[in-house]
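In what follows, a structure is listed as structure tokens, so that the remarks can point back to it.
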Amino acid sequence: MIKETAKQIEERFGKMDIKIPINEIESRLEKLVNEFKVPAEEAHRSVVNYFLKEYNIPRGDFYTQDGEASTIKVNEITTDGKWVNLTAKVAQLWDNTHESIDQVGLIGDETGTIKFIKWARAELPGLVEGKSYMFKNVVTSSYQGRFEITMNRTSHIEEIQEDIEIGTVDVEFEGAMVDIQAGSGLIKRCTECNRALIKGVCGEHGKVEGTYDLRIKAVIDDGLIVQDALVNREVTEQLTGITLDEAKQMATQELNQEVVLEKMTEKLLGKYYLINGPRLDRYILVETVSPLPPMEAGKVDALLAELEV
Ligand SMILES: [Zn+2]
């Protein structure tokens, strides 16, 4: 990792006809990463800045030249600590939980979506949901096995007129359904915006009549990872054998909407499934689901048991 980064820095300065001994770059990186526990991406930036100062090169000159960051697609992000350019649309802005973060959410292009973090001290322009941008000099990183990008002081953001179509990549996951969360079963949606209503109230439009729908917010556990899954009406009907009409009847008879959720939980909880569908943020949007025999699904436990021997 350090050797690779050092090589990148050496080559990058080499393009500007500046030869820096690679062991000098390496030892600076090593010190930051190993001794001071600086994150790899920060260390990279800090070492580059050190040599820019040392050789009197304006930062603007260095970062606006080609060669430092390569232009790639979202699904090509497979390593961390890489400087890249992306053309992408802001899919979602999330609630910000930390003052050092200016904005956080999801951006995407035709190959998929990725989480982004825009640091407050980067002083970059504000992003608007649904707008497309050219993101230059952003850095890839990984957190809990998933890739994300960060936008820092050397990043540039430019709004573009083109409307990027966000595509998705299908993934497969198998495991036990260990939880079915509140907001599952027979629900009502806002007729204006399709949001699920909570006690008859839409977060955007207030108290509305709404229309009935079925869905399941499931948690699937394969023994290593806990995966959230969203199951739409069509797949829910197929999975539970309960149609929307039947669900409405059940709720009317019992004078209780929750009875549907109870029935579904009884049927599905603890069973093993193979699910398939596009990944959106922390969810898999389930398009197909097949039950697995418990023995097959017990594979993971068996493997884990073997490893402990
Ligand atoms: Zn609404």
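About its Cα centre, the dipole of the range 129-242 is roughly 520 debye, where the only charges are +1 on Lys and Arg Cβ and -1 on Asp and Glu Cβ. Neighbour counting of Cβ atoms within 10 Å sorts the residues His98, His205, His156, fewest neighbours leading, into His98, His205, His156. Treating the Cα atoms of the range 2-56 as identical point scatterers in vacuum, please give the log10 of the normalised Debye intensity I(q)/I(0) at q = 0.14, 0.18, 0.30 Å⁻¹, two decimals. One equal scatterer on each Cα of the range 2-56 leads to -0.31, -0.51, -1.30. State log₁₀ I(q)/I(0) for the range 70-159 at q = 0.12 Å⁻¹ as given by the Debye formula over alpha-carbon point scatterers of equal weight, solvent excluded. Evaluating at q = 0.12 Å⁻¹ gives log10 I(q)/I(0) of -0.29.
Summing Cβ point charges (Lys, Arg +1; Asp, Glu -1) relative to the Cα centre of the chain gives a dipole of roughly 640 debye. Out of Leu93, Gly81, Phe116, whose Cα points farthest toward the positive end of the dipole of the range 70-159 (charges: +1 Lys, Arg; -1 Asp, Glu; placed on Cβ)? Ranked along the dipole, the leading option is Gly81. When DSSP beta bridges are restricted to pairs lying wholly in the chain, around 85% turn out antiparallel. Each principal axis of the chain carries a Cα extent, and these read 79, 56, 31 Å when sorted largest first. Only helical runs count toward this figure. For the chain, summing -39,500 (n - 2.57) over DSSP H runs of n ≥ 4 and dividing by all residues gives -8000 deg cm²/dmol at 222 nm. Any chance you could give the angle, 0 to 90 degrees and rounded to 10, that helix 40-54 forms with the longest Cα principal axis of the chain? Its long axis makes an angle of about 20 degrees.
FYI, it's all coordinate maths here, none of it is from the lab. Bear in mind the structure is a predicted one, so any value in this text is a computation, not a measurement. Cβ: placed from backbone, ideal geometry, glycine included. Neighbour counts: every protein chain shown.
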